[in-house]
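A.B. asks: This is the structure I want to talk about, given as structure tokens.
The values are calculated or read from the model by the stated rules, or taken from the named source; none is laboratory data. Small disclaimer: the values here were computed from a predicted structure and weren't measured. We place every Cβ from the backbone using ideal geometry, glycine too, and count neighbours over all the protein chains shown.
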Amino acid sequence: MSARPHVLVVAGSDSSGGAGLTRDVQALDAFGADALAVVTAVTAQSDHRVLAIHPVPPAILRAQIAGAFESRVPDAIKIGMLVNRETVEAVAGAIEEALGSLAAVPSIPIVTDPVLVSSSGGVLLDEEGRRALVDRLLPLTALLTPNVQEAAVLLGLPVAQDGAELDDQAQRLLDLGPRAVLLKGGHSSESQAIDRLARRGQMLRRIASPRIQASRRGTGCALASAIAAQLAAGVALEESCRHAQGYVGACIRAAMDTGHPAARSI
């Protein structure tokens with residue numbers, strides 16, 4: 001039996017279990033990958049609101065990343081909640097340092113999920129942190145996975161109102177530095193949920209699925225981690241995105257069937 005791939009997950013904890021590292025580890029396991037975990041912030045959350053956020057000090061962040069790489073070289077990296085500029089810079093610096101010492105190792109794909117606001121509306125990355133995200137982390141990123149609102153914030157544009165604007169914003173996000181962008185369509189007004197995959201020098205690809213009239217916390221975390229797990233195993237990017245989209249849809253339907261409180265009608 002071949003060894004399971006490892007994904008370095010850089011994300012916040014969530015006391016409700018609805019998002020963050022809990023969702024990341026669940027998704028990784030579903031796709032046959034193991035986690036190396038770096039905690040960026042300890043959050044107190046319920047299914048309905050963010051009660052408190054405690055950022056992990058930058059020195060501890062750097063030490064966590066160094067310790068993870070010292071234990072084993074990850075096959076992929078997934079980055080989620082980053083809180084503020086100091087967090088972003090610590091994570092970017094530590095990853096750059098770790099990757100710089102691995103000159104003989106093939107490129108490690110980094111999936112960045114720009115966690116800007118919680119599902120309940122709590123701010124999870126401040127304005128200075130957003131600028132640092134663009135300046136420091138997006139140039140390292142293989143795939144950026146924003147939703148419709150996050151894409152607009154990163155671009156400094158109004159939220160896209162139709163398919164043409166979504167296509168345009170997906171392409172524009174490439175100018176911020178990532179090698180590819182998956183603009184998630186779950187929060188769009190389109191009749192289907194259409195994720196747009198933009199890659200440099202390639203045609204835009206649309207990955208569509210039936211729209212589910214419900215939402216569930218942590219789906220962005222799960223999607224990005226599901227993609228990272230597959231990239232770690234050598235699956236092609238578009239195929240990884242398609243499988244991850246199907247996984248998230250199944251998770252939402254399962255939560256609806258069991259009456260889970262984190263699954264809400266929309």
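A.B. asks: Check segment 18-37 and report whether any residue there is assigned to a strand (DSSP E or B), in contact with a Gly (Cβ under 7 Å, 6 or more places away or on another chain) and closer than 16 Å to Ile227 by Cα.
C.D. replies: First, the residues of segment 18-37 that are assigned to a strand (DSSP E or B): 34-37.
Cutting the leftovers down to in contact with a Gly (Cβ under 7 Å, 6 or more places away or on another chain) gives us none.
No.
A.B. asks: Residues Ala164, Ala160: which one is of a type outside the set (S, T, N, Q) and in a helix (DSSP H, G or I)?
C.D. replies: Selected residue: Ala164, the only one of Ala164, Ala160 that is of a type outside the set (S, T, N, Q) and in a helix (DSSP H, G or I).
A.B. asks: Another question, if that's okay. Please determine, by comparing only the residues of segment 159-175 that are of a type outside the set (D, E, K, R), in contact with a strand residue (DSSP E or B) (Cβ under 9 Å, 6 or more places away or on another chain) and surrounded by fewer than 20 Cβ atoms within 10 Å (Cβ to Cβ), which one is modelled with the lowest pLDDT.
C.D. replies: Gly163
A.B. asks: What are the residues in segment 49-96 that are surrounded by 15 or more Cβ atoms within 10 Å (Cβ to Cβ) and among the acidic types (Asp, Glu), if any?
C.D. replies: Asp75, Glu86, Glu89
A.B. asks: Filter segment 142-175 down to the residues that are touching a Ser or Thr at 6+ places or on another chain (Cβ under 6 Å) and in contact (Cβ under 8 Å) with a residue 40 or more places away in the chain and list them by number.
C.D. replies: Selection gives Val148 alone.
A.B. asks: I've got another one for you. Under 6 Å by Cβ, and 6 or more places apart or on different chains, what pairs join a residue from segment 176-192 that is under 12 Å from Asn147 (Cα atoms) and basic (Lys, Arg) with one that is assigned to a strand (DSSP E or B) and at pLDDT 70 or above?
C.D. replies: Close Cβ pairs (under 6 Å, with a partner that is assigned to a strand (DSSP E or B) and at pLDDT 70 or above) amount to Lys184/Asp195.
A.B. asks: Right, next: For residues in segment 30-82 being at pLDDT 95 or above and basic (Lys, Arg), which is farthest from Asp113 (Cα to Cα)?
C.D. replies: Among those that are at pLDDT 95 or above and basic (Lys, Arg), it is Arg62.
A.B. asks: Against the definition (out of contact with any Leu (no Cβ under 9 Å at 6 or more places or on another chain) and of a type in the set (Val, Ile, Thr)), how does Ile77 come out, yes or no?
C.D. replies: no
A.B. asks: When Arg216 is evaluated against the numbered criteria (1) under 19 Å from the mean Cα position of the chain (by Cα); (2) at pLDDT below 70; (3) under 20 Å from Val159 (Cα atoms), which criterion, by number, is the only one it fails?
C.D. replies: (3)
A.B. asks: Follow-up. Name the pairs: first residue in segment 36-60 and over 21 Å from Val25 (Cα atoms), second residue loosely packed, with under 15 Cβ neighbours inside 10 Å and modelled with pLDDT of 90 or more, Cβ to Cβ under 6 Å, at least 6 apart or on different chains?
C.D. replies: Leu51/Ala44; Ala52/Ala44
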